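Asks: Next up is a structure, given as structure tokens.
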């Protein structure tokens, strides 16, 4: 098998047309697009403040009155009731959440529109007047007070209803709510553990409502975007290039001679898969290296980033190798090179568009972005960009797992289609 892999690699490196397509063309496009579209950077992404409906249950005054009755019914001493009521008002999560949503910093993103009833708010959501509906149910504050002060398990739930769960506005609302909830739970736990000793500092307004960026990395530049976009697009061209050579080898009776020499047909197929993997990995390494050296694309990242980048490149190289083996099987099985030409001429372009190699497709449609993430190049491009934005591998792993699943499925299909006897 090693000799077959060496042969494929040497033939490809000596082919000027293949080298031009796999290395020179993507690098030229990176330079052209990076310079011509210098203003097309993710750092200039802006979003106008969007309306969000807020529906609150009982008024805080009514809830405090009910809370005093609860304390009396529990047999709390009369001189302690005012203190517990004051503490309850200070830590009322409904009030704190409302204050947070109306904070000046949050107002840059979210415009709160209060509704008297949940029905009116949902109607506004259906008509597109608001991006989401946050509902604080009746008795929510009281349920939290009971949980914190009397260790009861059952608490109320703040609900969020949206039309589209995958868009940016939903992510912003969820981020604000989840950050607040996590912070409140933490501070409430500390207050209980210290018997209220940390309450004054833990539940102050200064500890809530801060919106932080999801990553500490610099925004993605156009050079970085198109380095990844062109890299994953032209890496797909490796598969039809090797599959076409497999068809030529069949025409030249190379495949038949290998069968006569008692070499397993799957050895030939495996060599194409491994060759595609190695060549793709080298191709990505050269593109990323030259782009960093000349344009400073990936300059300044730590060693951990480069290790993770290598792991992502290996995962993508493996799926390209699997595509190579599939195209090889189809080519030899059908005795035609049309499948390789169709993949290289049409499917690669379609995958590149849907996967976002030419432009961020989420600007057109979130659904298109979701579809693109189910293509090998689209999923890996998203993973690359997330890595560059500071995401760790555990957060990117769902996309990598998806690509690994594609690799396994493609390999199984290619083995099933590959001819097990001489065809010439």
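The values are calculated or read from the model by the stated rules, or taken from the named source; none is laboratory data. Since the structure is predicted, the reported quantities are computational estimates derived from the model, not experimental observations. Glycine gets a Cβ as well: all are built from the backbone with ideal geometry, and neighbour counts include every protein chain shown.
Asks: Does residue 387 satisfy the criteria of being touching a helix residue (DSSP H, G or I) at 6+ places or on another chain (Cβ under 7 Å), outside any loop (DSSP other than H, G, I, E, B), assigned by TED's automatic domain parsing to the domain that holds residue 244 and surrounded by 14 or more Cβ atoms within 10 Å (Cβ to Cβ)?
Replies: yes
Asks: Then there's this: So which helices (runs of 4 or more DSSP H) are wholly in the stretch 68-159 and hold at least 2 residues that are surrounded by fewer than 17 Cβ atoms within 10 Å (Cβ to Cβ) and out of contact with any helix residue (DSSP H, G or I) (no Cβ under 9 Å at 6 or more places or on another chain)?
Replies: So the answer is 81-90, 104-107, 118-126.
Asks: Here's something else I'd like to know. Would you list the helices (runs of 4 or more DSSP H) that sit entirely within the stretch 198-267 and hold 2 or more residues that are touching a helix residue (DSSP H, G or I) at 6+ places or on another chain (Cβ under 9 Å) and at pLDDT below 85?
Replies: Here the list reads 199-202, 238-251, 254-260.
Asks: Now for a separate question. Do you know which of the residues in the stretch 296-315 that are more than 15 Å from residue 390 (Cβ to Cβ) and crowded, with 19+ Cβ neighbours inside 10 Å is farthest from the chain's Cα centre (by Cα)?
Replies: Top of the filtered list is 297.
Asks: Next question, about the same structure. Does the stretch 369-379 contain any residue that is without any contact (Cβ under 8 Å) to a residue 12 or more places away in the chain and in contact with a helix residue (DSSP H, G or I) (Cβ under 9 Å, 6 or more places away or on another chain)?
Replies: no
Asks: Quick one: in the stretch 170-195, of everything that is crowded, with 17+ Cβ neighbours inside 10 Å and modelled with pLDDT under 65, which residue is nearest to residue 106 (Cα to Cα)?
Replies: 188
Asks: Something else about it: Give the number of residues within the stretch 273-282 that are touching a helix residue (DSSP H, G or I) at 6+ places or on another chain (Cβ under 7 Å) and either surrounded by fewer than 23 Cβ atoms within 10 Å (Cβ to Cβ) or not assigned by TED's automatic domain parsing to the domain that holds residue 319 (or both).
Replies: 3
Asks: Okay, next question. Within the stretch 28-41, can one find any residue that is more than 38 Å from the chain's Cα centre (by Cα) and either at pLDDT below 80 or on the phi < 0 side of the Ramachandran plot (or both)?
Replies: Scanning the stretch 28-41, I find no residue that is more than 38 Å from the chain's Cα centre (by Cα) and either at pLDDT below 80 or on the phi < 0 side of the Ramachandran plot (or both), so the answer is no.
Asks: Modelled with pLDDT under 90, part of a helix (DSSP H, G or I) and closer than 30 Å to residue 243 by Cα: does that describe residue 368?
Replies: Spelling it out, residue 368 is indeed modelled with pLDDT under 90, part of a helix (DSSP H, G or I) and closer than 30 Å to residue 243 by Cα.
Asks: Another question, if that's okay. Of the residues 318, 417, 399, which is surrounded by fewer than 20 Cβ atoms within 10 Å (Cβ to Cβ) and either outside the structural domain of residue 265 (by TED's automatic domain parsing) or modelled with pLDDT of 85 or more (or both)?
Replies: From the options 318, 417, 399, the qualifying one is 417.
Asks: Somewhere in the stretch 68-83, is a residue in contact with a strand residue (DSSP E or B) (Cβ under 7 Å, 6 or more places away or on another chain), closer than 25 Å to residue 147 by Cβ and in the same structural domain as residue 141 (by TED's automatic domain parsing)?
Replies: Within the stretch 68-83, none of the residues are in contact with a strand residue (DSSP E or B) (Cβ under 7 Å, 6 or more places away or on another chain), closer than 25 Å to residue 147 by Cβ and in the same structural domain as residue 141 (by TED's automatic domain parsing).
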